[in-house]
Structures are given as C-alpha cells and as structure tokens.
Amino acid sequence: MCQVLVEILPFAQETAHRAGGILMDYYGQSHQIEHKSPGDVVTEADKASERFVTQRIQEAYPDHAVLGEEFGLSSANSSYCWAIDPLDGTANYAKHFPIFAVSIALLQNGEPILGVVYEPVTNRTFSAVTGHGATLNGTPISVNSNHEISPDGLFSFSSRNMKSRLPFMQHISKGRNLGSAALHLCSVAAGYMDGSLDLGTKLWDVAAGAVILQEAGGKVTHPSGNALFPLQPNDPAYASGVVAFLATNGKIHQQCVGLIDGSS
Ligand code: IPD
Ligand code: CA
Ligand code: CA
C-alpha cells in the first residue's frame, strides 16, 4: 500500500468511528429536525458529525478539499478531495430505526481511492483502498458469484425516482431498501446483495461505497453503464449534483444495464 494511504486509512477509520460515536450519543433522543426540502430531513446529529469530521480532516490535511453533505465544499483547491456523508440514513435515524452509517471517501483527481463506511449500531466497518482489496472489520470481503439476475437474489433500490424504472424492477423479486445508499453498496461488496440501483444519490453517498465495492470485485457505473469516475474538476457532483448509480457484483452488470435501457 502506498505510504500516504497507509497513514490515511487508519485516520479515516478512526474519524468514522468517532463520528459514529457522536451519532450514538444523540440517537434515541428527541431531535431538532429541520426539513431541507419536502421529505429530506436533517438533524443536529448530522451537523455535529460533519463538523467533527471536517475539522479533523482540515487539521490533519489542511491542503485537502472537503465536501460534506451539510456544509458543502471547502474552498481548498487540491487534487485531493474528501467526500463525507456524516449520517447516511437520516430518515431512519430520525425515527429511531437503527440502520444508518457514516461514509468517508478520499478522491484523488476525481477518482475515489479510499473509502470507509461505518455502521455504529452493529459496529461494522467496511474499508478499502484502491488496489488493496476491501475488508469488513479487517476481514477481506468479496462480491457473490451469481451470474444472472435470479429469483432469490437480493437487490436494493431507493424509492425515490423509481417509477420510470418499474419495468426493470419487475425482474427483481427480492427488492430491498435499507434507507442508506452507502450500506447498499457495502451489501453488494460483502456478497449479501447482487446489486443496487439509486437515481437520487449525491457524491457523498456513493464515493466511499464505490471504492469498497470495486475492491471487493464489483462494479459501479451510471445506470446507463457509463463510467462515474474520474470526475472533471468542474463536475456538478462537487456542487451537490446527482450521482445516480448502478452497482452490482460485476457479473450481472451488463444484464442490468440492458434491462434498464430497455425500460427507459
Ligand atoms: C439518502 C440515503 C438513501 C438514498 C438517498 C440519500 P441521507 O441519504 O442514502 O438511501 O436513496 O438518495 O439521499 O439523506 O440519509 O444522507
Ligand atoms: Ca446520504
Ligand atoms: Ca446524510
């Protein structure tokens, strides 16, 4: 592993663990909930977690840019950019439904190269660095070996914007929605799920899980099959633009792309 990443991965893991601790401190209490838009809530825990993560990164790596869901992009102009979702699964969290995660990624020249997704309730840490495999709590993980969409394969969707994909969804008999895109990507990486489709996600939802999934042997692209990365410096993803994704175990990717195209 390159020296920079040897140092950065434990830093990112500890940061995610401590941010998860902040989420657990607030969890189960009555939250101040604000609506960013109809159906899109934010709690004080989202903000406290992001403040902590951003501050830690800025202290350790002052030259790096930081993009967080709640406070946007720092002004630092750097080939390195962190993409942070301080609480992925806020709608679950706000209702005391215990499925949510912290997601932290590092991109270099628009390509995610390091990802950590931490689920504090189960104390599960998914991690990866490009070229060095993916792990769950330190144990290597890999995608499953299903070669086609099968009646017993699990496949996750978000519920948002999915009406246009109904024909594709009819090929999936065991659709799931955990309410956290980062955990969907990690669930494909760990082999629990065959795939995941989300049309409303942003860079901070996707970047960490994308590295973890690719390092576990899977594939993540735009639902059209086009590459998501590298991002150009002026890509709208850095300004909260949508980064829709299709994530699979790799083997069923083309089959999914074909069916999704056919259902547009
Ligand atoms: C949301 C979750 C959800 C996905 C949405 C995201 P949030 O993130 O990841 O699964 O479908 O597009 O916005 O708001 O809980 O951080
Ligand atoms: Ca999110
Ligand atoms: Ca969030």
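A compact table of results
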| item | result |
| --- | --- |
| 16 Å tail of the calculated P(r), region 154-263, as % of Cα pairs | 53 |
| Square roots of five times the Cα gyration tensor eigenvalues for the chain, Å | 27, 21, 18 |
| Descending semi-axes in whole angstrom, ellipsoid equivalent of region 214-264, from the Cα gyration tensor | 22, 15, 7 |
| Residues of type lysines that residue 36 reaches as a straight line, Cα spacing below 22 Å, ignoring anything fewer than 8 places off in the same chain | 47, 95, 202 |
| Measure of compaction for region 2-140 (Cα Rg per 2.2 N^0.38 Å) | 1.03 |
| For region 218-227, Karplus couplings with θ = phi - 60° (6.51, -1.76, 1.60), whole Hz, Gly/Pro x | x, 9, 9, 9, 5, x, 6, x, 6, 5 |
| Alpha carbon centroid spacing (whole Å) that separates region 227-264 from region 26-94 | 23 |
| Relative contact order %, the chain, counting alpha carbon pairs below 8 Å whose residues are six or more apart | 17 |
| Overall Cα dimensions of region 72-132, principal axis frame, Å, largest first | 38, 30, 12 |
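Quick note: the coordinates plus some simple rules give every number you see, no bench work behind them. The shown structure was predicted, so the numbers you read here are calculated from the model rather than taken from an experiment.
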